[in-house]
Amino acid sequence: MRLGLGAKFTLTVLTIVAATMAANTLYYLHSSTRFHEKQLLERGRALGRLISLVSPDAILGFDLLLLNDYTRQMSSQQDVVYGVIMSPKGVPLSSYIDDSDALIKRRLKAAKSNDIPKLLQELDRQAGLIRLEFPISHNDVVLGRFLVGISKQSLHDEFRRQLTIQLLMWTALVLFLSAAIHIVFRLKVLDPIKALIAASEKVGRGQHTLVEVKSMDEFGMLGKAFNAMAEEVRQEQAKLYRQANFDTLTGLPNRMMALDRLDQAIHRSKRSRQRFALFFIDLDDFKSVNDSLGHAVGDELLVSTGNRVRAILRDADTVARLGGDEFLVLAPDIDNEVQVEEIAERLIRAISEPQMLGGRKVVARCSIGIAIFPDNGNGLVKLMANADNAMYQAKAMGQGSAIFFTEEMNTRLRDRMQMEQDLNVAIESGQLTLHFQPIFDAAAQVHRGAEVLLRWNHPEKGAISPVEFIPLAEATGQIVGIGDWVLEQACRSWSAWRSSGIEPGFLAINISRIQFRKRISQRLSELISLYGIPPHAIELEITESVLLDDHHHVAEELSSLRAVGVTLSLDDFGTGYSSLSYLKRFRFDMLKIDRSFVAGLPNNAEDVLLVKAILAMAKGLDLKVVAEGVENLQQLGFLTIQGCDLAQGYLLARPMGEEAYMTYLSNLQAGSESLRLSATRNKPRRIGSSA
């Protein structure tokens, strides 16, 4: 049973009062008993001394009748239960036993004899008797002794009577105090506390409630403090509600509120049988804005995007920021897909409108995935997943795209998931292999090295293009393990070729963005030491995407790689809008002209101007240049005349497996491969793009 505060307080006070009263009562009764017991002793001693004074003459005269009379008179006194005059030898000369006393009765019955000495021994062991002994003498001659027994029964009876009186009196007093204390405590303490409790419960339920302050005492102060606290709670709840349901940067509803509104929209639409559209919006290349213009400008872009989207929507529509650069738009009461397409077009136009941010003109692009309820899912989870899937398909199609979800997307998603699982076992099962595409001195047409290319030979699907599985591996993080395997396998192969007497030249190895973040310099140093490779034999090809991360970290890692001694090459130069800034900021040894600029040589005027500019700039910066995708003699001739250092492409050599490349190197060393290029001079061949 749960006791309330009033009951606990009353019980506590009453316990203290009762304990105090009980202690006082016991002390009083104990003192009273000791006093009466002392009186008994004094009376007994007085009677005993009297008998001891008058008895010698009767003993000397052998007047037993007189002795009996003395003992009878003695025993007739109140509380005296026996009196015995004993001779010096312990023989009773006169005795009187009060057989009406309950204690005497029990002892007589137990003794089953009238043996006075034995009876006295039994009685002496009883706690309820006081035994007194007085010597009887005449002229210093001991004539005997007088034994007297005094009962404490009257003391016990008096103790019980007084205890009963005290208990009744204190019980009445305690009951009176209990009622008085409870009434006063309830009025002065419990009622104000109950009012505070009721108000607290309302505040706990989110109801803003204040209590009435009626006094200026401590409870009045407590009431004022509670009201101040309730107001702070109200303000804090409003703040927490906003933090929990709204994005702090844009002020838009966040993911939590978006999911709640989406759930409500699903329930309403099920009742009204009305369709609604769900748009997933993702800003394209938002990270590039952050990295190139700064996070402050990126935040401005997010706020501006939220405002623009909100401005073109209806009041009934919902726009929310899901996180990062992703937004959600919920458009209820949709009649047809044409209406949805119009909304998507307005969203794309609004977001892509040029704007000035951080003193720079910025044009944002977005990809939009669209799911319709209930056509593309009748539950929250499925609808969200399908809209998200459509958004990623839109990103794959290019910037500024909006795509409706179709079931085929789920098929592609399942294929992607299956490929991810297959990729997990590709290394262990030997499905991944390295191919090598030779790189030549453009002018002398002498072999200098090779680019390391990764190939996946699936046991069921056959050869899978790197274009398919490399982006997947980067998205899932599997590229870290795969990239490490490529590095070690390339180093092992180079070491094996050198051990067999073949001069492999350098190996150009592509490094992924995720792999670069993992402090690749330390791993590369370990492999170079393990396989005894000269550091300059390793060239790392780094794309612009690798350099988009934190510039301090990038510069630090590039410095570590340079300390290891490897060659650093900027890959696919010219395809990114900020490659020139990277050449200025970071130190490279080499740059690689993308195949898209080589393909138009020497006939495309724009490609000619661009390649000439790149080569001139490289000379000014003391950089070597590699041209990839060289597929005919005209391209090679133009590049050679313009001073390009190295060339790579199908005209020179195709990518080949490890054993084939080893044979190729052996033949080159023996001189049997020197005629392959000349054999093709009269008839240029085009087999396709190099890998």
Being surrounded by 15 or more Cβ atoms within 10 Å (Cβ to Cβ), within 29 Å of the chain's Cα centre (by Cα) and outside any helix (DSSP H, G or I) is the filter here, so list the residues in region 251-279 that pass it. Leu252, Pro253, Asn254
Taking region 500-527, which residues are within 12 Å of Ile542 (Cα to Cα) and not in a helix (DSSP H, G or I)? Ala508, Ile509, Asn510, Ile511, Ser512
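For (1) of a type outside the set (S, T, N, Q); (2) within 29 Å of Leu615 (Cα to Cα), each residue gets a yes or a no:
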position: Gln437; (1), (2): no, yes
position: Lys461; (1), (2): yes, no
position: Ile470; (1), (2): yes, no
position: Gly481; (1), (2): yes, no
position: Ala508; (1), (2): yes, yes
position: Ser512; (1), (2): no, yes
position: Leu524; (1), (2): yes, no
position: Leu527; (1), (2): yes, no
Of the numbered conditions (1) touching a residue at least 12 places away in the same chain (Cβ under 8 Å); (2) not assigned by TED's automatic domain parsing to the domain that holds Tyr661, Met417 fails exactly one; give the number of that condition. (1)
Output for Cβ contacts, cut-off 9 Å, separation at least six or different chains, first residue surrounded by fewer than 19 Cβ atoms within 10 Å (Cβ to Cβ) in region 324-340, second among the aromatic types (Phe, Trp, Tyr), reads Gly324/Phe286; Glu326/Phe280; Asp333/Phe276; Ile334/Phe276; Ile334/Phe373; Glu337/Phe404
State yes or no: is Arg587 closer than 25 Å to Ile514 by Cβ, part of a helix (DSSP H, G or I) and in contact with a strand residue (DSSP E or B) (Cβ under 8 Å, 6 or more places away or on another chain)? no
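For region 148-179, give me each residue that is within 60 Å of the chain's Cα centre (by Cα) and either loosely packed, with under 13 Cβ neighbours inside 10 Å or within 30 Å of Met86 (Cα to Cα) (or both). Lay out the reasoning, then the answer.
Initial filter on region 148-179 (within 60 Å of the chain's Cα centre (by Cα)): 171, 173-179.
Within region 148-179, Thr171, Leu175, Phe176, Ala179 meet the criteria.
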Can you confirm whether Arg145 is assigned to a helix (DSSP H, G or I), over 60 Å from the mean Cα position of the chain (by Cα) and either farther than 23 Å from Phe159 by Cα or of a type in the set (Ser, Thr, Tyr) (or both)? no
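Residues are listed down the side, and each one gets a yes or a no for (1) at pLDDT below 90; (2) surrounded by fewer than 17 Cβ atoms within 10 Å (Cβ to Cβ); (3) more than 57 Å from the chain's Cα centre (by Cα):
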site: Leu583; (1), (2), (3): yes, no, no
site: Leu609; (1), (2), (3): no, yes, yes
site: Ala618; (1), (2), (3): no, no, no
site: Val630; (1), (2), (3): no, no, no
site: Leu636; (1), (2), (3): no, no, yes
site: Thr640; (1), (2), (3): no, no, yes
For Lys214, the lone unmet condition from (1) assigned to a helix (DSSP H, G or I); (2) in the same structural domain as Ala238 (by TED's automatic domain parsing) is (1)
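The values are calculated or read from the model by the stated rules, or taken from the named source; none is laboratory data. Every value quoted in this text rests on a predicted model; they were computed, and no experiment measured them. Using ideal geometry, Cβ is built from the backbone for each residue, glycine included, and neighbour counts are taken over all protein chains shown.
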